[in-house]
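What follows draws every value from the coordinates through simple rules; no lab data is involved. If you're wondering where the values come from, they're calculated on a predicted model, not measured in any experiment. Reconstructed Cβ throughout: ideal geometry from the backbone, glycine too, with neighbour counts over all protein chains shown.
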Amino acid sequence: MSNLEILLKPFRLRHLELKNRVITTSHAPAYAEDGMPQERYQLYQEERAKGGVAMIMFGGSSTVSPDSPATFGQICIDDDRVIPYLRELADRIHYYNTAIICQITHMGRRSRWDIGSWLPSVAPSSRWEPEHQSFPKEMEDWDFRRIVDDFVAAVRRCREAKLDGVELSFNAQHLIPQFWSPGVNHRTDDYGGSLENRMRFGFEILDAVRKEIGDAFIVGIRLSVDELLDNGLSDADCREIAVILARSGKVDFFNVVGGQPSDFPSHAVNMAGMAFPVAPFLHLASALKSVVEIPVIQAHRISDLHTAAKAVEDRHLDLVGLTRPHMADPYIMKKLMEGRVDDIRQCIGANYCIDRLFAGKEALCIQAPATGREATMPHIIAKASEKKQAVVIGGGPGGLEASRVLAERGHHVVLFEATEHLGGQVKLAACATWRNGLDGITRWLVSQIDKLGVIVHLSTLADADRVKAEKPDIVIVATGGHANKGYFKGNDLAVSTWDIISGQIEPGENVLLYDDNDGHQGMSCAEVLAKKGSKVEIVTPDRFTGRDVGGTSFPVYLRNLYQTDTIFSPDLKLIEIQREGNLLIPVLRNIYSGIEEERAVDQVVCEHGSLPNDELYFALKNYSTNLGEVDYYALRENSPQNVTTNPDGEFVLFRVGDAVSSRNIHAAIFDSLRLCKDL
């Protein structure tokens, strides 16, 4: 286990005895219902406590005031009705000898006025906030008093709920760091100007909170160690602020991050994904730890146990937050203690979880569909009462997950893959520049089916006779899809994004990339083209390119593509492609004006999703007991499939992932888990 053992050492946080050095930091998965942490939220956090984590910090951006509404499914701590829900959660977590702390905040101008109570946002000064389009009211004297009182009331509720403490979010461009930042705070009274004045309001909150709850309750602060903004606080500024806070004796820990989300590009830095190296801001946490004498925590893209252990061993940190990693695998610490480190499903940094929040959806892990669905989906697969023969066709993420789950159930599984490699479209997506981390999804699945004894036949194009020869009871068709260039005149003159990313076709010099799918596929292909020297124009019928690419990912694409002089042309539909000599002439029509225009290019690349490889499914359909039918009501209610429309059939048949329709990695894995867990 080498240096990983250091993570198992206990740690004393004020009066709390933490059983190890690994925690999960506060975040907002948008599982709250009506602003309350009800069953779904509680089960999500409880799974991490079962998995052995020492402390759960929850409730990212939990709001303390009505003019700081819950804009993305976070918890409201501004009403006593939250207390029984918090107490239920605390009881669940404490059962596993795990500490629990809630983050509370007022978001100031980083909020919206047109939801919740429809109250104006407030800030130190009336300066526009770009992400939420907020024009805040400059705070008056009575605003200061009421917000201090709101923080005190929120802390009281957390204490009455038997939590172990609170984390004050003096981070993420929330209200308090808005006062600290000279780029936001333009006041000329006692709350503006000097650093002492800019820190005054934060201390008023901190002093009032300590007066309310005394020393027997943990109070920590989350703060940036370098805002990385042109008009923001430098690393030296942030250290100075931290030293002042630490010397007050009122703070029990610092939970530190790098960057500060003030707009979309800074959000991508603050919530760094796979485009960034592992632990990119550990040096800043280390520099802070060298000047303060209270514990320092960081969770900023520390993605694996070895990096975490090294950070603790070299005294960069006292506690390590493995937050997104625990979304991928809530049993990290249990597996470490059992010597099963190789079984940990590692976070790959895809940021699918966070990017969904930007789209107004709940957070989900790209590779762990049970996360957030603990009431209905198992993290640990139960054994079946009877061992059966199962055949899976296709070795992409859906087929690999089906093989894993069926083998965990105790069935004998045979997997056929037509190519010489497992991985399916994930291997293709991972070929594109900074997305190579996607390989980690299938790498874990392959290691698991190998341990479970799944028999794998590579370079084998299975047909109906080959499948039937295995005498299966269960057949899962996970044959994926093939590139769809779209439906327009002359589409045979175009090539697909798959052709370019895979390297099967060399890029042209002048390329028009038509993308009406607006996901990662088109933008990844544009990066590949530009990197190989093509002059690229991206055309889309949507208002902007990459509409379905999440908020921490599209800034990375745009940064890279703007550096290559890529042209972006929205609102245009590809009508047809004509050939003139050695050139292609794509005809484009503005979807609003109807005006047509043409280009002259060497190559047209198209992205229009995929079409299912469903020939084998239909060849097997009449041999199945269910004729391929899925009971959607049973699927929705998490009940077993009991359709028998052909009693003389030989096996039950299902298809999953892109073999059904063009979707994504999470959908393929989720299909397989919820179907196969009951087979």
Nearest-20 debye value, the chain charge dipole, Cβ charges on Lys, Arg, Asp, Glu
1600
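Taking the Cβ of each residue in VAL477, VAL341 as the centre, tally the other Cβ atoms inside 10 Å and list the residues starting with the fewest. Before the final figure, lay out each step's value.
Numbers: VAL477 32, VAL341 15.
Least crowded to most crowded, the residues run VAL341, VAL477.
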Grab the other residues whose beta carbon is less than 14 angstrom from that of TYR85, score K and R as +1, D and E as -1, and report the net.
-4
Given 25 °C, 0.890 mPa s and a Kirkwood radius over Cα pairs, the Stokes-Einstein diffusion coefficient of the range 531-651 in µm²/s is 129
How big is the charge dipole of the range 485-608 about its Cα centre, in debye rounded to the nearest 20, if each Lys and Arg gets +1 on its Cβ and each Asp and Glu gets -1 on its Cβ?
180
Listed by chain and number, the residues whose amide H is under 5 Å from that of GLU167, excluding neighbours fewer than 5 places away on the same chain and using placed H, are CYS102, GLN103, ILE104, GLY220
The long-range amide H neighbours of GLY116, using H built 1.01 Å from N in the peptide plane and a cut-off of under 5 Å, are none
Through the Karplus equation 6.51 cos²θ - 1.76 cosθ + 1.60, θ set to phi - 60°, convert the phi angles of the range 402-408 into ³J(HN,Hα) values in whole Hz; use x for Gly and Pro.
4, 5, 4, 5, 5, 5, 4
Tell me what the chain gives for mean residue ellipticity at 222 nm when only DSSP H runs of n ≥ 4 count, each as -39,500 (n - 2.57), the sum divided by the residue total, rounded to 500 deg cm²/dmol.
-9000 deg cm²/dmol
Could you run the Karplus curve 6.51 cos²θ - 1.76 cosθ + 1.60 with θ = phi - 60° over the range 362-379 and give me ³J(HN,Hα) per residue in whole Hz, x for Gly and Pro?
7, 6, 9, 7, 4, 10, 10, x, 6, 5, x, 10, 4, 5, 10, 10, x, 7
Among beta bridges that DSSP assigns inside the chain, antiparallel share in %, nearest 5:
25
Quick check for you: which residues of the range 647-679 have the amide N under 17 Å from the point 7 Å beyond the Cα of ASN638 toward its beta carbon?
670-679
Residues listed by number, the range 630-653, amide nitrogen under 13 Å from ALA384 label point at 7 Å toward C-beta:
641, 651-653
Return one number: the angle in degrees, 0 to 90 and rounded to the nearest 10, between the long axis of the Cα atoms of helix 439-451 and the longest principal axis of the Cα atoms of the chain.
70
In terms of the Cα gyration tensor, with a ≥ b ≥ c the square roots of its eigenvalues, is the chain rounded because a/c is under 1.5, prolate because a/b exceeds b/c, or oblate?
oblate
Along the dipole axis of the chain (charges at Cβ: +1 for Lys and Arg, -1 for Asp and Glu; origin at the Cα centre), the most positive-end residue among ILE455, HIS421, THR564 is ILE455
Given H placed 1.01 Å from N in the peptide plane, which residues other than close sequence neighbours of GLY321 have an amide H under 5 Å from its amide H?
ILE23, GLN298, ALA299
So for each of 461-474, 634-647, 540-553 I average, over its residues, the number of other beta carbons within 10 Å; can you give me the resulting order with the highest mean first?
540-553, 461-474, 634-647
Distance in Å, no decimals, from the C-alpha centre of the range 532-546 to the one of the range 133-195 is 42
Given the candidates VAL155, LEU627, ILE474, the one whose Cα lies deepest towards the positive end of the charge dipole of the chain, counting +1 at each Lys or Arg C-beta and -1 at each Asp or Glu C-beta, is VAL155
Report, in whole Å, the centroid distance computed from the Cα atoms of the range 252-305 and the range 17-31.
15
Which entries in the list LYS388/LYS485; LYS19/LYS387; LYS335/LYS427; LYS387/LYS621; LYS9/LYS677 go over 29 Å, if you measure between the two C-alpha atoms of each?
LYS388/LYS485; LYS19/LYS387; LYS9/LYS677
Sort out for me the Cα centre separation of the range 598-627 from the range 663-679, rounded to whole Å.
19
How would you rank ASP226, ASP518, going from fewest to most other Cβ atoms within 10 Å of each one's own Cβ?
ASP518, ASP226
Neighbour-count order for PHE554, PHE416, fewest beta carbons within 10 angstrom listed first
PHE554, PHE416
For the range 391-397, 3J(HN,Hα) per residue [Karplus equation, 6.51 cos²θ - 1.76 cosθ + 1.60, θ = phi - 60°, Hz, x = Gly/Pro]:
10, 10, 10, x, x, x, x
Relative contact order for the chain: what percent, with Cα pairs under 8 Å and sequence separation of 6 or more?
11
